[in-house]
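In what follows, a structure is listed as C-alpha cells, so that the remarks can point back to it.
The values are calculated or read from the model by the stated rules, or taken from the named source; none is laboratory data. None of these values were measured; they are calculated from a predicted model. When we count neighbours, we look across all protein chains shown, and the Cβ atoms used for this are built from the backbone with ideal geometry, even at glycine.
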C-alpha cells in the first residue's frame, strides 16, 4: 500500500474552514483515499473516502487532485469538537487483508475559539 | 451507520493474568479484521490481521503466543492478552473491513488496558 504524508499539526479558528492536506504521491490506480479522525482515547472515526472524484458528505468534503497524488480534507465550519488527530490512508477497496494500510502520524488539528 | 462494538472500554488486571477484548460488528459482516495498539501520543500500530476461519497473521515483532486472536465469525473477533505484564499496558483498537464504505475500516471504540 502507498504511504501518506501529512503535516504534524494545524490550527484553525472556530467557524472557519479547516483544510487538511495529504500527500500520497505513490498511490496506485485502484487505491482509494480514506480519511479518519481520532479524538483522544477513542477509536478512529471514519469521515469520508474517494477514488478520483471530489466527494462531500455531512461531515466534510474531499478534494482529490487530478493526478491523485494528493488530497485535501475540508471541514467547512470547524468547531471546537473537531479538534482531533486526522489520518489519511490509501487502500485497495478489497475485503481481504491484501489491502492493509499503515497509519502515519496524522495531523493534529486544534480548533481555537 | 456501521458500528463496531468493542468491550471492555477499559480494564485493569494484575500482572500474569489474561485479558480478553471483544469486537463485534453490529450491522455488517467482516471477512477481515485488524488489531492495533497505540501508545500515548503515537499513531496506531498494526499488530495482526485476521480472516474469518483462518489463523491470524502477525506483524513483525508481535508475539503470537502472547496476543491470541480468534476470528470466530464474520461479526466477532477477540484479542486475548495472555500473561499480561505492565509493558502490555496500552490502548488496543480493532477495525473491520466494511463493505458499506467501499471496504474502508470501521473501528471499535478502543480498550484501555492497564496491567498492575
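Within the stretch B:21-32, the set of residues being within 11 Å of chain A (Cβ to nearest Cβ) and either at pLDDT 90 or above or assigned to a loop (DSSP other than H, G, I, E, B) (or both) comprises B:23, B:28, B:29, B:30, B:31.
Taking residues in the stretch B:77-103 that are under 12 Å from residue B:36 (Cβ atoms), and partners anywhere that are surrounded by fewer than 17 Cβ atoms within 10 Å (Cβ to Cβ), the pairs with Cβ atoms closer than 6 Å and at least 6 places apart or on different chains are B:90/B:39; B:91/B:112.
Scanning the stretch A:16-40 for residues that are within 15 Å of residue B:44 (Cα to Cα), in contact with a strand residue (DSSP E or B) (Cβ under 7 Å, 6 or more places away or on another chain) and loosely packed, with under 15 Cβ neighbours inside 10 Å yields a single hit, A:39.
Report, by residue number, each residue of the stretch B:59-109 that is in a loop (DSSP other than H, G, I, E, B), under 23 Å from residue B:13 (Cβ atoms) and in contact with a strand residue (DSSP E or B) (Cβ under 8 Å, 6 or more places away or on another chain). Spell out how you get there, then give the answer.
Looking only at the stretch B:59-109, we keep the residues that are in a loop (DSSP other than H, G, I, E, B), and these are B:59-66, B:74-75, B:82-85, B:89, B:102-103, B:108-109.
With under 23 Å from residue B:13 (Cβ atoms) added as a condition, the list becomes B:61-66, B:82-85, B:89, B:108-109.
Selection gives B:62, B:64, B:66, B:82, B:84, B:85, B:89, B:108, B:109.
Selection of the stretch A:99-109 for residues being within 14 Å of chain B (Cβ to nearest Cβ) and in contact with a strand residue (DSSP E or B) (Cβ under 7 Å, 6 or more places away or on another chain) yields A:99, A:100, A:101, A:102, A:103, A:104, A:106, A:107, A:108. Look at the stretch B:3-20: where a residue is within 14 Å of chain A (Cβ to nearest Cβ) and at pLDDT below 95 and a partner is surrounded by 15 or more Cβ atoms within 10 Å (Cβ to Cβ) and not in a strand (DSSP E or B), sitting 6+ places away or on another chain with Cβ atoms under 6 Å, you get B:4/B:108. Put simply, of A:62, A:75 the only residue that is crowded, with 21+ Cβ neighbours inside 10 Å and touching a helix residue (DSSP H, G or I) at 6+ places or on another chain (Cβ under 7 Å) is A:75. Here residue B:81 fulfils each of the conditions (1) surrounded by 22 or more Cβ atoms within 10 Å (Cβ to Cβ); (2) facing chain A (nearest Cβ under 10 Å); (3) in contact with a helix residue (DSSP H, G or I) (Cβ under 6 Å, 6 or more places away or on another chain) apart from (2). Picking from residues in the stretch A:62-94 that are more than 20 Å from residue A:8 (Cα to Cα) and touching a residue at least 60 places away in the same chain (Cβ under 8 Å), the one that is farthest from the other protein chains (Cβ to nearest Cβ) is A:77.
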